[in-house]
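Novice: This is the structure I have questions about; it appears just below.
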Amino acid sequence: MVSPAVGRRRLAAELRRHRLASGRTIEEVAAHLECSPAKVSRMETGVVKVGPQDLRAILELYGVEGAEREELFGLVRQARARGWWEAYADVVPPGSSRFFGLEDGAEVIAQHVTSLVPGLLQTEGYARALMASVPGLDPAIVDRRVELRRRRAQLLDRPEPPKLDVLLDEAVLCRVIGGPEVFAEQLRHLLDVSERPSVSLRVIKFDAPVHPAVGVSFTVFDLPGDPVGVVFREQLDANGFLDEPGAVARYRESLSGAARVAASAARSRELIAARLAEVV
């Protein structure tokens with residue numbers, strides 16, 4: 001099943017494409033729907049969900065019929081479906097649902113990480129140590145967040161998993177999270193998962209040449225039917241998403257720059273194994 005987040009993006013792109021093809025302005029569509037132009041704009045960017053009634057009125061205005069019309073109604077059903085991750089909305093920061101939805105529906109997930117093992121590759125012990133480090137956090141919330149982390153990681157076990165391409169700063173291998181035993185287990189897991197055909201894990205050593213992504217953690221999602229993709233970037237004060245073509249292209253270029261200076265997959269496994277020997 002297509003992820004609701006992916007279905008919403010595809011629907012938004014199709015609505016904009018059909019509006020432009022019909023020669024209509026956002027203001028004209030808003031007048032037809034008896035709503036604000038801002039609502040139409042949010043429909044075309046995937047910010048708000050599109051209901052069947054609004055879609056029917058829009059397609060009548062654009063003159064869309066037949067199989068194409070049915071396909072768009074199918075996207076509405078996909079976009080309005082409830083993702084499994086929404087059951088955890090009460091224990092994660094606002095906006096997390098969009099990230100999980102993109103992750104669940106991506107064809108390729110490319111990441112550059114500077115300080116921590118990325119969530120999809122974290123062991124339960126490593127994840128629990130991170131989450132339990134938050135002062136005053138209810139242990140029950142920690143348990144549910146760890147459960148969510150396990151559920152997310154299951155996408156790598158699918159018959160046709162997404163391609164996961166991780167560029168890992170060497171600093172991640174130096175930061176002992178949860179103590180030596182927990183961290184050793186995490187390093188062993190990285191070695192195991194790096195052998196999977198769908199996973200590429202490469203380390204950027206401290207002495208590697210400087211590259212455009214240095215110091216910045218971010219994820220690029222390649223989505224089915226979406227030629228642009230979406231960037232998720234981590235910042236000190238807030239996390240955010242970018243889907244403007246120029247901005248996404250800049251992050252892809254930064255990712256390529258980081259990849260050029262990263263160790264090979266084989267050498268990266270040697271580095272992780274050497275670090276494991278130091279920890280144990």
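Novice: Give the residues of the range 15-34 that are in contact with an Asp or Glu (Cβ under 8 Å, 6 or more places away or on another chain) and either open to solvent by 30 Å² or more (accessible area, probe 1.4 Å) or over 23 Å from Asp226 (Cβ atoms) (or both), sorted by residue number.
Specialist: Arg16, Ile26, Leu33
Novice: Hey, another quick one. Given the conditions (1) assigned to a helix (DSSP H, G or I); (2) more than 19 Å from Thr45 (Cα to Cα); (3) not small (Gly, Ala, Ser), which single one is not true for Arg77?
Specialist: Every listed condition holds for Arg77 apart from (2).
Novice: Further, regarding this structure: If you check Arg269 against the conditions, is it open to solvent by 20 Å² or more (accessible area, probe 1.4 Å) and under 28 Å from Leu102 (Cβ atoms)?
Specialist: The answer is no for Arg269.
Novice: Looking at Ala127, Ala110, can you tell me which residue is in contact with an Asp or Glu (Cβ under 6 Å, 6 or more places away or on another chain) and outside any loop (DSSP other than H, G, I, E, B)? Please lay out each step first, then the result.
Specialist: Values: Ala127 fails: in contact with an Asp or Glu (Cβ under 6 Å, 6 or more places away or on another chain).
Result of the check over Ala127, Ala110: Ala110.
Here's the yes/no breakdown for (1) among the polar types (S, T, N, Q); (2) closer than 30 Å to Arg8 by Cα; (3) at pLDDT below 95:
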site: Glu195; (1), (2), (3): no, no, no
site: Ser198; (1), (2), (3): yes, yes, no
site: Gly225; (1), (2), (3): no, yes, yes
site: Val231; (1), (2), (3): no, yes, no
site: Gly240; (1), (2), (3): no, yes, yes
site: Val248; (1), (2), (3): no, yes, no
site: Leu271; (1), (2), (3): no, no, no
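Novice: Which pairs do you get when a residue that is more than 13 Å from Glu195 (Cα to Cα) and assigned to a helix (DSSP H, G or I), found in the range 263-280, comes within reach of a residue that is modelled with pLDDT of 95 or more and open to solvent by 50 Å² or more (accessible area, probe 1.4 Å), reach meaning Cβ atoms under 8 angstrom, with the pair 6+ apart or on two chains?
Specialist: Leu271/Lys205; Arg275/Cys174; Leu276/Arg188; Val279/Val176; Val279/Pro180
Novice: If you don't mind, another one. Pick from the range 92-125 the residues that are open to solvent by less than 30 Å² (accessible area, probe 1.4 Å) and over 18 Å from the mean Cα position of the chain (by Cα): which of them is nearest to Leu201 (Cα to Cα)?
Specialist: Thr123
Novice: I need the full set of residues from the range 78-91 which are touching a helix residue (DSSP H, G or I) at 6+ places or on another chain (Cβ under 8 Å) and open to solvent by 30 Å² or more (accessible area, probe 1.4 Å), in order please.
Specialist: Of everything in the range 78-91, those that are touching a helix residue (DSSP H, G or I) at 6+ places or on another chain (Cβ under 8 Å) and open to solvent by 30 Å² or more (accessible area, probe 1.4 Å) turn out to be Gln78, Arg80, Arg82, Trp84, Glu86, Ala89.
Novice: Please determine, by comparing only the residues of the range 248-266 that are surrounded by fewer than 13 Cβ atoms within 10 Å (Cβ to Cβ) and not polar (S, T, N, Q), which one is nearest to the chain's Cα centre (by Cα).
Specialist: Only one residue fits best here, namely Glu253.
Novice: Next question, about the same structure. Among the residues of the range 137-148, are any assigned to a helix (DSSP H, G or I), under 20 Å from the mean Cα position of the chain (by Cα) and aliphatic (A, V, I, L, M)?
Specialist: yes
The values are calculated or read from the model by the stated rules, or taken from the named source; none is laboratory data. This is a predicted model, so every value here is computed, not measured. With ideal geometry, Cβ positions are generated from the backbone for all residues, glycine too; neighbour counts draw on all protein chains shown. Keep in mind that these areas ignore ligands, DNA and RNA; they rest on the heavy atoms of the full protein, side chains included. Shrake-Rupley method; radii C 1.70, N 1.55, O 1.52, S 1.80 Å.
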